[in-house]
1. At a Förster radius of 41 Å, what calculated FRET efficiency corresponds to the Cβ-Cβ distance of residue 216 and residue 27, to the nearest 0.05?
2. Tell me, how many Å apart are the Cα centres for the range 48-63 and for the range 216-266?
3. If each Cα of the range 1-159 is one equal point scatterer, what is log10 of I(q)/I(0) from the Debye formula at q = 0.18, 0.21 Å⁻¹?
4. Using Cβ counts within 10 Å as a stand-in for footprinting exposure, how do 179, 141 rank, fewest first?
5. Once the range 13-93 is represented by equal point scatterers at the alpha-carbon sites, with solvent omitted, what log10 I(q)/I(0) does the Debye formula produce at q = 0.12, 0.15, 0.20, 0.26 Å⁻¹?
6. Inverting the mean 1/r over all pairs of different Cα atoms, compute the Kirkwood radius of the chain and quote it in Å.
7. What ranking do 47, 98 get, fewest neighbouring Cβ atoms within 10 angstrom at the top?
8. Arrange 57, 124, 2, 230 by Cβ neighbour counts within 10 Å, fewest through most, would you?
Ligand code: PGA
């Protein structure tokens, strides 16, 4: 299974930060021994704010490091709409036009702070796929839901709604990220065992959805863990059987730490 290491800068960064960050990050990858990234084993992506997508893509494409051009750029969100009178929105096609290869969808901050629903996540998965981007669908329970023993029910619902309408050919382009809301930005990471339990459930659910869609063969989907991932816990999380990568927020803003996390996946 492909390992994905994705950095989510959220609403942070600037053009000068971006330039300095990429220099440091690429040096750290090279010093750490990562000199190739064009195979399928490891995928590294960075999701800056939308206004920096093109800048990041251009800087990576022009860089002399052999791995730079293989680092993907991702959007943090896209509109459900493809165009029209929707002030402030960015369409998936526009993100693609600015160099994005993927987009986070349904991040818990979008769900909680901007009241995004599972139905909107489903629409965004479709518009993302239609634009030729890989949707990285984020799912996860709140602390209240976990304590009420609703974790698996909540995740099942999020997956069924967002992915129930996929067509067979879309499955190979889907990535799912399990991000327990109580672990995001709190310093409180799920234990590797907690992550593994939910990841195994997500894998079963994704298979069940495909079976319901009468899939002839089940397509394996990469399932990433996110929530207070750091260089000190990445290796242990990545060692779990059903953890196919990590989605990193805060720690991805430190170029050296994010490089150490990527190196932990090699
Ligand atoms: P965190 O964020 O690593 O800062 O907890 C993860 C995320 O929101 O994707």
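Just so you know, all these numbers are worked out from the coordinates, no wet-lab data involved. Values in this document were obtained by computation on a predicted structure and should not be read as measured data. Because the Cβ atoms are built from the backbone with ideal geometry, glycine has one as well, and the counts that use them run over all protein chains shown.
1. 0.30
2. Going from one Cα centre to the other spans 22 Å.
3. So the normalised log intensities are -1.11, -1.33.
4. In increasing order of surrounding Cβ atoms, one gets 141, 179.
5. For the range 13-93 at q = 0.12, 0.15, 0.20, 0.26 Å⁻¹, log10 I(q)/I(0) is -0.41, -0.60, -0.91, -1.27.
6. 18.4 Å
7. Ascending number of Cβ neighbours within 10 Å: 98, 47.
8. 2, 230, 57, 124
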